[in-house]
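Contents: one structure, followed by commentary.
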Amino acid sequence: SSIYCLGQTIFLSIISFSLPAHGIVPCNDAGTCEELLWKGSNCQDGFCTNPFERGCLRAMLGNDGFSQKYSRQSADDSSVDELDMEAWRRRLLSAPRTCNSEDGPQAAEQGLCSENVNDYAEVRLSSQNWESAFVLSWMMQIIYSELVGVPSTIETGVFEKNVNFYDETNRMDYGQATRYEMFQRAYDAAGGDCSIYNEANKEAGGDDYLPCAHAVMEVWSTNDELLDVQKKGVAEPGQLLGIIGFQGWHITLSSIEKDPSLANIYGMTGESNRQKLADTFKRPTTWRYYCNFISPNNCTTPNDVATRPPAEDGSEDGRFFALGNYTGFFRATMKNDCNQTKACTGHFMDWPCGWSSYAKQQLKHLEIALESDGSEENSNGYAYTEMVEIWSAANATKSDLIGLWWSPDATHNLYIGSGSDFIPVTLPTATQECVENRVDSLKRCDSSATEFELYGDEKGACGEPSVNLQKIAVGNMRSNIQDNESPRSQMSPAYDVYKDFSITDLQVADILSEWADRGQDKFNFDLRFATCKWMAENLDNIIKSAVPPTHPRTFAGDTGTTPLTIVALVFSSIAILLTISTVYGMWYKYQQGSIATAAQIEFLALLLVGLFLVSIGSLLLALEPSKWTCTGSIWMINIGYTTQLVPTMIRVSAIIKIVRASKRMKVVTVNRKVLLTRSIGFSVIAALYCALWTIFDPPHSETSLNLSQDKNDFGETIVTVSNYCDSNSPIWFVVMFACQALLLIVASVLAHQMRSAPNAVNDSQELAVMIYSSFIF
């Protein structure tokens, strides 16, 4: 059931932990901060602030070295257009990163970030709780927030833990990993908006905290919780990240240099090697135990091991290493004494509960006399922080150590070249049969587990294969973008960036090595610096591989008036004035007696009223669309077209009827009131239709976006914005246009039939002009 192979996992779940406290960089002035960290860091409340708060690339590319690298004259990467890279640099320097939901309400006004003008939905990334995962989350946050304008935050999974890349105080808190209920919350949230939990989480504590995230960028293995959300479609199947990971037995380089046989199983297996292992791998000692039972003066006098006793509050009692205060100490216990203990063993450092370890099965069936001696019940494993300290103690004291570790990892890189390098131990090659016969690693922490559940059989005693690390996103990440009510949000590149992002284990190792070498503020700023520096140095390749084509985008045209709008306003205004003038002239002539009563002035009046309403509707359509202009336009145009065409059609129909009757020498009686009533009745029907439309599905303003081929000076693709009127259902417009089309067809038939009427009453040409103008405009 594993996403890689059965049992070939490192973590089933990773428990919450915190590294030893490391104070942020103290300062007296900004100059000190810029010297120690980077240009832009300020001294605030006695400590240096994050110089990347406004943007990593903004801070880095302002440096002269990067200015030359990405200038038009010196760009040397033919795979990316030189001018484009220069435009990218101009863009990144011109404005800070995009604001996210965790920035303060005044952050944009203070110049810390830029408003989310593109209306892209925020993406929240799960940080896991180890350094390589921090790096990947930060890289994604930088791409989102700085390169494509998508707001992005980081989810630690623990209350008050913060690992946001842009955190003002450079906090790098180790939260909790593999909390895959975070996908369920992101899946259930309207539009996938994780920020709805922000307020509740500010007051939450412990189990009340509600983690929410859209993606996790480094997944080694699966667990039941992840399998469950993937089965439900709440989380997507994993996608390959590009990193080849390995977890398994490691031994310090100095141990192999002293005894090369320890590099593989053959130098450790069997009774003949028991004494050697017991003598070589001694037990690590806690600070309190050393001071109470080994130090001759309870650490009251400094020596090469401890400069002082652990803190009186007990917070340091269980530590195996404390830089500058306790180097660590490895001692032989009764378990190492083969003279007193027949089944003597050397020490092996095993994972804590919740991590996938098969060490017990391997050690037993490979007959290797090693065992873990951690404080965890049943498993005898060590907490992650204890394991880090034990490796540090082994390096400080140049002691022999063997145990479980993984790569890529920061601690693994930290000791390269120190003599305490982590060297993999060669175990029997993993096979499918071996994987299928491994024990359930969770049982090693179960007090009721049987011996077979703990140790299995020899078929499952093999080494670990390499693992293709994966990334996983919430199941509706893409659909939430596509179905967003905002047309701008629908253009978000968030999912495409996630899908296209990849990196190799060697590239991650370079970043972690930079972090290990920097040595300014290791557990706060230095990893940020290493990540940001690598991003800046490889910016062209990142843009090419992770930024989708035509991004970033800028929206233009939603303000101001287009030439087409001006023409529409002019024509509609002229039409209104001409109609008013015609009404006035007709009324004047009628009062003067120039128009006879037989001229059917009522029908002419209805025609002019219709033309006036259509002109008003046209004017409203030319204005900036809103609820009122959209509603007004459909009323004016529907009633106007009906009032303009129907009376004329009824009058023409009556004339045709009279002409035909006269040819047959018949008398026809025409009731003018009936004709007018019918004409007005059709207009009333049109008004009733508009009323139903307004009540049940009122027209409103919608936005239309058109992706152009043009780019601005910053290399951003220009998206032209226009607004139009629309309703939720298209049927209203279909019926409206169908009725108008029917009126035009009937009018065309009547105009054709009227050709044979006497010239005195022949209005076929006038009707044809009316039909033509109505059809065109």
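The values are calculated or read from the model by the stated rules, or taken from the named source; none is laboratory data. Remember, it's a predicted structure, so these values are computed and weren't measured experimentally. Every residue, glycine among them, receives a Cβ derived from its backbone with ideal geometry; neighbour counts consider all protein chains shown. In case anyone asks, the SASA skips ligands and DNA or RNA and just uses the protein heavy atoms, side chains included. Shrake-Rupley method; radii C 1.70, N 1.55, O 1.52, S 1.80 Å.
Listed here are the residues, each with its yes/no results for (1) more than 36 Å from the chain's Cα centre (by Cα); (2) touching a residue at least 60 places away in the same chain (Cβ under 8 Å); (3) more than 30 Å from GLY374 (Cα to Cα).
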site	(1), (2), (3)
ALA430	yes, yes, no
ASP440	no, no, no
SER448	yes, no, no
GLY456	yes, yes, no
ALA461	yes, yes, no
LYS471	no, yes, yes
SER479	no, no, yes
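This table checks each residue for (1) touching a residue at least 60 places away in the same chain (Cβ under 8 Å); (2) under 15 Å from ARG331 (Cβ atoms).
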position	(1), (2)
PRO237	yes, no
ILE244	yes, no
ILE256	yes, no
SER261	no, no
TYR266	no, no
TYR289	no, yes
SER295	no, yes
PRO302	no, no
PRO310	no, no
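Only one of these is open to solvent by less than 20 Å² (accessible area, probe 1.4 Å), in a loop (DSSP other than H, G, I, E, B), polar (S, T, N, Q) and in contact with a Leu (Cβ under 8 Å, 6 or more places away or on another chain): SER420, SER392. Name it.
When all the criteria are applied, what remains is SER420.
Residues being over 16 Å from GLY374 (Cβ atoms) and in contact with a strand residue (DSSP E or B) (Cβ under 9 Å, 6 or more places away or on another chain): count how many of those fall in region 277-292.
6
Restricting attention to region 232-255, which residues are open to solvent by 10 Å² or more (accessible area, probe 1.4 Å), closer than 18 Å to MET140 by Cβ and part of a strand (DSSP E or B)?
GLN239, LEU240, GLY242
Scan region 507-524 and report the pairs whose first residue is at positive phi and whose second residue is open to solvent by less than 10 Å² (accessible area, probe 1.4 Å), with Cβ atoms within less than 8 Å and a gap of 6+ or a chain change.
If the second residue must be open to solvent by less than 10 Å² (accessible area, probe 1.4 Å), the pairs left are GLY519/ASP526.
Could you go through region 652-662 and let me know if any residue there is outside any strand (DSSP E or B), among the aliphatic types (A, V, I, L, M), open to solvent by 70 Å² or more (accessible area, probe 1.4 Å) and within 25 Å of ILE771 (Cα to Cα).
yes
What residue, of VAL150, VAL123, VAL135, VAL158, is surrounded by fewer than 24 Cβ atoms within 10 Å (Cβ to Cβ) and either under 16 Å from the mean Cα position of the chain (by Cα) or in contact (Cβ under 8 Å) with a residue 60 or more places away in the chain (or both)?
After ruling out the rest, the residue left standing is VAL158.
So which residues in region 715-729 are in a loop (DSSP other than H, G, I, E, B) and acidic (Asp, Glu)?
Passing the criteria: only GLU716.
Identify all residues within region 677-704 that are of a type in the set (S, T, N, Q), open to solvent by less than 50 Å² (accessible area, probe 1.4 Å) and in a helix (DSSP H, G or I); write none if there are none.
Scanning region 677-704 gives SER679, SER683, THR694.
Mind checking whether some residue in region 270-288 is assigned to a helix (DSSP H, G or I), polar (S, T, N, Q) and under 21 Å from ASN380 (Cα atoms)?
yes
Kindly check whether there is at least one residue in region 487-499 that is assigned to a helix (DSSP H, G or I), open to solvent by less than 30 Å² (accessible area, probe 1.4 Å), of a type in the set (D, E, K, R) and farther than 27 Å from SER379 by Cβ.
Scanning region 487-499, I find no residue that is assigned to a helix (DSSP H, G or I), open to solvent by less than 30 Å² (accessible area, probe 1.4 Å), of a type in the set (D, E, K, R) and farther than 27 Å from SER379 by Cβ, so the answer is no.
Which condition from (1) open to solvent by 60 Å² or more (accessible area, probe 1.4 Å); (2) in a helix (DSSP H, G or I) is the one that ILE542 breaks?
ILE542 satisfies all of (1) open to solvent by 60 Å² or more (accessible area, probe 1.4 Å); (2) in a helix (DSSP H, G or I) except (1).
Take the residues in region 327-366 that are outside any helix (DSSP H, G or I) and of a type in the set (S, T, N, Q), then tell me which one is surrounded by the fewest Cβ atoms within 10 Å (Cβ to Cβ).
So the residue we want is ASN339.
Got at least one residue in region 749-761 being within 60 Å of the chain's Cα centre (by Cα), polar (S, T, N, Q) and surrounded by 15 or more Cβ atoms within 10 Å (Cβ to Cβ)?
Looking through region 749-761, none of the residues is within 60 Å of the chain's Cα centre (by Cα), polar (S, T, N, Q) and surrounded by 15 or more Cβ atoms within 10 Å (Cβ to Cβ).
Being more than 22 Å from SER545 (Cβ to Cβ) and either open to solvent by less than 30 Å² (accessible area, probe 1.4 Å) or at pLDDT 95 or above (or both) narrows it down to one of ALA190, ALA177, so name that one.
From the options ALA190, ALA177, the qualifying one is ALA177.
Of the residues VAL670, VAL674, which single one is outside any helix (DSSP H, G or I) and either at pLDDT below 75 or loosely packed, with under 13 Cβ neighbours inside 10 Å (or both)?
Just a single option satisfies the conditions, and that option is VAL670.
Using beta carbons and a limit of 6 Å, which pairs, at least six apart or on different chains, have the first residue in region 70-95 and modelled with pLDDT under 80 and the second one open to solvent by less than 30 Å² (accessible area, probe 1.4 Å)?
Qualifying pairs under 6 Å: TYR70/MET85; ALA75/MET85; ASP77/ASP540; VAL80/ASP540; GLU82/ALA75; ASP84/GLY715.
Residues that are touching a residue at least 24 places away in the same chain (Cβ under 8 Å), in contact with a strand residue (DSSP E or B) (Cβ under 6 Å, 6 or more places away or on another chain), aliphatic (A, V, I, L, M) and not in a loop (DSSP other than H, G, I, E, B): does region 201-213 have at least one?
The answer is no, given that none of the residues of region 201-213 is touching a residue at least 24 places away in the same chain (Cβ under 8 Å), in contact with a strand residue (DSSP E or B) (Cβ under 6 Å, 6 or more places away or on another chain), aliphatic (A, V, I, L, M) and not in a loop (DSSP other than H, G, I, E, B).
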